[in-house]
Amino acid sequence: MKQVTATGQTVEEAVESALAQLSTSKDQTNIDIIDEGKKGIFGIFGSRPAVVKVTVIINPIDEAKKFLKQVSEQMGSPAEIEVKQEGKQVCFTLSGEKIALLIGKRGQTLNSLQYLTQLVINRFSQSYLTVILDAEDYRNRRNETLIQLAQRLAQKAVNTGKEVSLEPMPSYERKAIHTALAENRRVKTSSDGTEPHRFVVISPVRK
């Protein structure tokens, strides 16, 4: 958090001094007047300078976007980033020539970046924000794959009469599995393990 305490003959002068030191503008700061100052006799005797504390307001979404820009460039896959916010959820959509590098095998790189971006955004946010990181519509395509996987493994659990454990997945992917099988009365689903290695277990319902 950037902040300075500045003085001046008037509050306005003190604020201008602080803004100059921070290289920012009034609309990007919080201003606390510590002392309004006193002019004194003839503007000299008994005078007291005005004192203000000026704090730069940090936009958490801008910081998260800056982080993603830096990381994508360092990974050799510079990305354009589109941001969309709906309530407490912020979606960052990445696009670029080498975007596959940022997705990684089964989206593992994208999931790791999403986790790190969530840490960054909530470091600066007053309230908790959920981050969704997407690239080339990967999340929708992955969701379709998970639904098909869930149905196939549910059938396997029914046919063999044995539990089937899936690979560890992030919470939103586990939720996709649970949702896909919620109406299937022949199986039940549960989550097991501890984060970040938590996984879904599909169990046949014994009649």
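The values are calculated or read from the model by the stated rules, or taken from the named source; none is laboratory data. Model, not experiment: these values are computed from the prediction. We place every Cβ from the backbone using ideal geometry, glycine too, and count neighbours over all the protein chains shown.
At a glance:
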| read-out | value |
| --- | --- |
| Of the criteria (1) in contact with a strand residue (DSSP E or B) (Cβ under 6 Å, 6 or more places away or on another chain); (2) part of a strand (DSSP E or B), which one GLN85 fails | (1) |
| Given (1) in the same structural domain as VAL200 (by TED's automatic domain parsing); (2) surrounded by fewer than 14 Cβ atoms within 10 Å (Cβ to Cβ); (3) in contact (Cβ under 8 Å) with a residue 24 or more places away in the chain, number of the condition ARG152 does not satisfy | (3) |
| Sole exception among (1) exposed (fewer than 14 other Cβ atoms within 10 Å of the Cβ); (2) in contact with an Asp or Glu (Cβ under 6 Å, 6 or more places away or on another chain); (3) of a type in the set (Val, Ile, Thr) for VAL205, by number | (2) |
| Condition broken by LYS65, with the remaining ones in (1) surrounded by fewer than 13 Cβ atoms within 10 Å (Cβ to Cβ); (2) in a helix (DSSP H, G or I) satisfied | (1) |
| Unique residue being assigned to a helix (DSSP H, G or I), over 30 Å from THR29 (Cβ atoms), outside the structural domain of THR24 (by TED's automatic domain parsing) and of a type outside the set (Asp, Glu) when the list is GLN114, GLN70, GLN118 | GLN114 |
| Number of the exception - ILE121 against (1) without any contact (Cβ under 8 Å) to a residue 40 or more places away in the chain; (2) under 21 Å from ASP62 (Cα atoms); (3) surrounded by 15 or more Cβ atoms within 10 Å (Cβ to Cβ) | (1) |
| Filter result (surrounded by 13 or more Cβ atoms within 10 Å (Cβ to Cβ) and more than 19 Å from the chain's Cα centre (by Cα)) within region 79-98 | GLY96 |
| Residue identified as under 25 Å from THR93 (Cα atoms) and outside any strand (DSSP E or B) among LYS175, LYS162 | LYS175 |
